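Read through the structure below, which is laid out as structure tokens, and then see the notes.
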Amino acid sequence: MKKLQELCRENIWNLAPYSSARNEYNGHVAHVFLDANENPYNAPFNRYPDPLQEEVKTLLSKIKRVPIANIFLGNGSDEAIDLPYRIFCRPGIDNVVAIEPTYGMYKVCADVNDIEYRPVLLDENFQITSEKLLSACDQNTKIIWICSPNNPTGNLINRNAIEEVLNKFEGIVIIDEAYSDFSSEKPLREELAKHPNMIVLNTMSKAWGCAAIRLGMAFASQEIISLFNKVKYPYNINLLTQKQAIESLKDPVAVEKWVKILLLERSRVMNAFKDLTITEKIYPTDSNFFLVKVTDAQAIYDYLVEKGIIVRNRTRVQLCGNCLRITIGSKSENQELLAALRDLK
Ligand SMILES: *Cc1c(COP(=O)(O)O)cnc(C)c1O
């Protein structure tokens with residue numbers, strides 16, 4: 001890995017971050033707060049929230065088995081996807097490499113930040129070699145994006161290929177493990193110590209059932225997390241989100257139950273799809289969704305919309321012609337989908 005200072009934008013490396021009122025008295029116990037121009041009435045919403053979300057991170061640290069100093073919390077993964085561009089990539093100069101097809105936000109954030117985005121096509125099994133990814137890089141490539149399990153394909157990316165990229169690439173490698181709760185593969189966040197150039201993303205939006213509260217996270221070296229904290233909005237995670245996150249994190253058993261049910265439902269729904277006349281190919285998955293190639297994705301999508309059932313039409317995505325992406329819902333939602341598709345002539 002190159003030196004972090006070499007990878008980091010100079011203006012960010014030299015940035016003096018905003019110092020919030022609550023940052024400055026640290027270490028002392030206080031009970032009169034006349035420092036932040038808050039209104040003393042209307043508790044508990046009158047006070048600024050903890051800018052570094054210690055209580056949330058303490059719970060997360062135990063569940064994710066990652067030290068607090070290696071955790072960043074963002075306003076959804078969206079924030080954790082955007083910040084690396086703003087930290088590492090010089091607009092109009094640097095570029096990033098990513099597998100293709102994959103989650104759309106990596107490219108949207110590259111475009112917003114005026115960073116060249118270099119997609120590298122997966123093979124027909126939705127896999128990639130480290131050689132292919134590395135040969136798309138040049139001296140201005142700052143980040144390689146790998147989503148595993150991948151969206152929209154659903155599958156895990158070969159662990160050997162990921163490890164080779166982590167070991168050989170001199171820049172930052174970001175592994176998006178939004179769906180790792182649904183997979184039996186060992187999560188890469190537990191191998192942070194081995195890979196100083198790795199950032200792993202997780203989210204409360206999927207297995208944790210908290211898409212509405214907008215809480216995403218990045219796990220990385222302390223040095224990289226410090227850069228995230230320097231650049232983020234001072235109070236990026238609001239109090240309502242922190243409170244709900246704490247409630248949810250106190251009950252990890254609920255998540256285990258949901259995951260178990262969803263995985264059972266997933267195999268039931270995928271089996272049922274085998275018998276549908278519209279099904280051409282069902283792709284293997286390690287996520288709470290699966291990709292299916294059908295006879296006519298647009299027509300079937302439109303038909304389902306008419307019935308009030310929304311799936312994701314991925315037919316215009318590379319390698320996904322005539323593919324629908326189906327999220328596993330509750331048993332009754334899945335039944336409704338299957339009944340509608342069985343009715344299709
Ligand atoms: C759904 C999803 C996320 C979650 O994004 P949030 O902003 O945390 O809701 C992140 N990465 C991938 C690949 C996803 O599919």
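Specify the residue that is farthest from the ligand (Cβ to nearest atom); the eligible residues are those in region 176-197 that are surrounded by 15 or more Cβ atoms within 10 Å (Cβ to Cβ) and of a type in the set (A, V, I, L, M, F, W, C).
Step by step, filter region 176-197, then rank; the result is L192.
Is it the case that V200 is surrounded by 13 or more Cβ atoms within 10 Å (Cβ to Cβ), part of a strand (DSSP E or B) and not acidic (D, E)?
Numbers: surrounded by 13 or more Cβ atoms within 10 Å (Cβ to Cβ): yes; part of a strand (DSSP E or B): yes; not acidic (D, E): yes.
It is true that V200 is surrounded by 13 or more Cβ atoms within 10 Å (Cβ to Cβ), part of a strand (DSSP E or B) and not acidic (D, E).
Among all residue pairs at least 6 apart or on different chains, which show Cβ distances below 7 Å where the first residue, located in region 103-120, is assigned to a helix (DSSP H, G or I) and the second is surrounded by fewer than 18 Cβ atoms within 10 Å (Cβ to Cβ) and among the charged types (D, E, K, R)?
M105/D78
Look at I128 and say whether it is in the same structural domain as D82 (by the TED database), without any contact (Cβ under 8 Å) to a residue 60 or more places away in the chain and not in a strand (DSSP E or B).
On the way: in the same structural domain as D82 (by the TED database): yes; without any contact (Cβ under 8 Å) to a residue 60 or more places away in the chain: yes; not in a strand (DSSP E or B): yes.
Spelling it out, I128 is indeed in the same structural domain as D82 (by the TED database), without any contact (Cβ under 8 Å) to a residue 60 or more places away in the chain and not in a strand (DSSP E or B).
Give me a count of the residues in region 14-37 that are surrounded by 14 or more Cβ atoms within 10 Å (Cβ to Cβ) and without any contact (Cβ under 8 Å) to a residue 24 or more places away in the chain.
Of the residues in that region, 1 qualify.
Going by the structure shown, is S205 farther than 22 Å from F88 by Cα, out of contact with any strand residue (DSSP E or B) (no Cβ under 9 Å at 6 or more places or on another chain) and either within 15 Å of the ligand (Cβ to nearest atom) or in the same structural domain as N288 (by the TED database) (or both)?
On the way: farther than 22 Å from F88 by Cα: yes; out of contact with any strand residue (DSSP E or B) (no Cβ under 9 Å at 6 or more places or on another chain): no; either within 15 Å of the ligand (Cβ to nearest atom) or in the same structural domain as N288 (by the TED database) (or both): yes.
Taking the combined requirement at face value, the residue does not satisfy it.
Are there any helices (runs of 4 or more DSSP H) wholly within region 227-345 with 1 or more residues that are over 25 Å from the mean Cα position of the chain (by Cα) and crowded, with 16+ Cβ neighbours inside 10 Å, and if so which? Break it down into steps so the answer makes sense when it comes.
On the way: elements: 239-249, 252-274, 297-306, 331-342.
Hits in region 227-345: 252-274, 297-306, 331-342.
Restricting to region 208-224, name every residue that is near the ligand (Cβ under 9 Å from one of its atoms) and in a strand (DSSP E or B).
G216, M217 - these are the residues of region 208-224 that are near the ligand (Cβ under 9 Å from one of its atoms) and in a strand (DSSP E or B).
Among the residues of region 64-99, what is the count of those that are in contact (Cβ under 8 Å) with a residue 12 or more places away in the chain and either part of a strand (DSSP E or B) or away from the ligand (no atom under 16 Å from the Cβ) (or both)?
Qualifying residue count, region 64-99: 23.
The values are calculated or read from the model by the stated rules, or taken from the named source; none is laboratory data. Predicted, not measured: the structure shown is a model, and the values here were computed from it. In this analysis, Cβ positions are derived from the backbone assuming ideal geometry, glycine residues included, and neighbour counts consider all displayed protein chains.
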